[in-house]
Amino acid sequence: MSRFLRRHIAEMRGYAYGAQPLDPEVVKLNTNENPGPPAPGVAALLRTLDVESLRRYPEATAAAFRRLAAEYHGLAPGQVIATRGGDELLRLLFTSCMEPGAGFGMVTPGYSLYPVLAAIQQCEVIEFPLGEDFALPADLAARMNARGVRMTCISNPHAPSGHYFTREEIEHFLDRFDGLLLLDEAYADFVEPAIAWGAAELVRERDQLVVLRSLSKGYSLAGLRFGYGLGPADLLRGISEKTRDSYNLDAISQQLAVAALRDRAHAERNWRLVRRRRAELRRGLQQLGFSVPPSQGNYLLAFAPAGVQAGELQLALQRRKLLVRWFDEPRISGALRITVGREEEQARLLECLAELLAAGGKSEAGKASFSCPSSGDGDFSPP
Ligand SMILES: *Cc1c(COP(=O)(O)O)cnc(C)c1O
């Protein structure tokens, strides 16, 4: 490491992102991308883009997008901030709201970017394990207050389990919590409409809640890098006017994001399809002996059958050009996190898993070895 890096940066661990291979043969079920295409309006806009318009700086606050998002959520444009992916919103909250040394409440398991951002800002990360079935402990707010937690992030649907917290649970928490809650709704679009509730409503009444939304998952635009936050106008104004890059969103992505949001009917068709495939994938995995908690995200956390090492299974799948995610972390190291994919992708995954489990079961070492032949060149290794 360079001597010019600040010491805590040199010593911290960075975010481990999922592999993004270019090989089109790879079945990519590792980073929760949407299997459906972006809206036709997005493609049409890209084809007719006026290159001359790039000579100018973009609109600084993505006003057109914010107006549209505000209307969708029943809020004022001042209660919306547009950011380079939901991830930029997270970073801005840390740099704007967290003093170095301040307590960050990390609900575990959870999105591994949160503690990385906390480390950059030199915050103290205090862990709070979720309860049985990934439920929020009833006394979580009191325990966080007692430890002086200034901010916490909770994803809903929860990543990586897919568990969905009810409005009552979140309100119970907010009624008692002294700090700021970032409710991460990156996957909210995939929730069954019958149980979905909008945290945007709570933003109207609370000064301690920011809701993260993203176009990456629900709108099939992970490559665009566009997300937004809903929150109290005075907090968002402080961030927008002081810590945000003045031109954080380029002119092209602002236009494309507007086009995507305008065609919500297209996105909704993708959401419906994802929900159907999610149910099919869950059934398929259960038939193979996996234990799979119900998920409201576009992914499943599949606990491997007894005696099967999930980490080895992930590597064996990778050798066969099937990418899924495995986290070497307490509670979830026995599971694979699998993105809901297209029908043929899921079929290939299930077929491969069936073969691997059968081969693993026959190994003499007493533990699964998964030494079955790989498809293609067999030397695939992600960057
Ligand atoms: C994908 C994701 C985000 C935001 O991702 P962006 O692509 O930056 O919008 C936030 N939280 C969780 C848990 C996610 O999985």
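The values are calculated or read from the model by the stated rules, or taken from the named source; none is laboratory data. Treat the numbers as computed from the prediction; the structure is a model and nothing was measured. Virtual Cβ from ideal backbone geometry, glycine too; neighbours counted across all protein chains shown. Calculation scope for accessible area: heavy atoms of the full protein, side chains included, ligands and nucleic acids excluded. Shrake-Rupley method; radii C 1.70, N 1.55, O 1.52, S 1.80 Å.
Below is a table of values for the structure above.
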| item | result |
| --- | --- |
| Bins of 10 Å, starting at 0 and running to the largest distance - Cα pair percent for segment 202-257 | 21, 44, 32, 3 |
| Computed accessible area, ASP245, all protein chains, 1.4 angstrom probe, square angstrom | 100 |
| Magnitude of the charge dipole, the chain, Cβ model with Lys/Arg +1 and Asp/Glu -1, debye to 20 | 480 |
| Residue-span extension gain [ASP263 to ALA60] - 0.36 nm each, minus C-alpha spacing | 70.7 nm |
| log10 of Debye I(q)/I(0), alpha-carbon scatterers only, for the chain at 0.08, 0.09, 0.12 Å⁻¹ | -0.44, -0.56, -0.99 |
| Extension gain, GLU52 back to TYR17 (0.36 nm per residue minus Cα-Cα distance, nm) | 9.1 nm |
| Segment 151-206, dipole about Cα centre (Lys/Arg Cβ +1, Asp/Glu Cβ -1), debye to the nearest 20 | 80 |
| Rg ratio (alpha-carbon, reference 2.2 N^0.38 Å) - segment 127-214 | 1.03 |
| Rg/Rh (Cα only; Kirkwood hydrodynamic radius) as it applies to segment 277-358 | 0.91 |
| Under 24 Å between alpha carbons - lysine pairs in the chain that sit 8 or more apart or on different chains | 5 |
| Within segment 29-108: Cβ-based charge dipole about Cα centre, in debye rounded to nearest 20 (Lys, Arg +1; Asp, Glu -1) | 160 |
| Point-to-point label distance, GLU124-GLU192, nm (Cα→Cβ direction, 7 Å offset) | 4.2 |
| Solvent exposure ordering (accessible area, 1.4 Å, most first) of LEU315, LEU215, LEU235 | LEU315, LEU235, LEU215 |
| Residue among GLY131, GLY85, GLY360 with the largest mean-square fluctuation in a Gaussian network model of the chain, springs linking Cα atoms under 10 Å | GLY131 |
| Listed peptides 29-36, 341-348 by packing density, highest first (mean Cβ within 10 Å) | 29-36, 341-348 |
| DSSP bridge orientation in the chain - percent antiparallel, rounded to nearest 5 | 40 |
| Segment 95-241 shape via C-alpha gyration tensor axes, a/c threshold 1.5 | rounded |
| Over segment 216-339: Kirkwood hydrodynamic radius from C-alpha pairwise inverse distances, Å | 17.6 |
| Accessible-area ranking of HIS158, HIS266, HIS163, largest first, probe 1.4 Å | HIS163, HIS266, HIS158 |
| Rounded accessible area of ARG67 (nearest 10 Å², 1.4 Å probe) | 140 |
| Relative contact order [Cα under 8 Å, 6+ residues apart], segment 1-100, whole percent | 12 |
| Area of GLU11 that stays accessible when all protein chains are in place (1.4 Å probe, Å², to 10) | 130 |
| Of all accessible heavy-atom area on segment 18-148, the percent that carbon and sulfur account for (1.4 Å) | 55 |
| Residue (of ILE120, LEU22, VAL340) at the positive-pole extreme of the chain, dipole from beta-carbon charges | LEU22 |
| Simple spin-label estimate for GLU25 and GLU343 in nanometres, 7 Å along Cα-Cβ | 2.5 |
| Pairwise centroid distance, computed over Cα atoms, of segment 163-213 with segment 226-251, Å | 20 |
| Accessible area per residue, Å², the chain with all protein chains present, probe 1.4 Å | 47 |
| Alpha-carbon centroids, segment 14-36 and segment 62-80: separation in whole Å | 31 |
| Rounded, prolate or oblate (a/c below 1.5 giving rounded, otherwise prolate when a/b exceeds b/c) for segment 1-107 by Cα gyration tensor | oblate |
| Segment LEU273-ALA138, length gained on full extension (0.36 nm per residue, minus Cα span) | 45.2 nm |
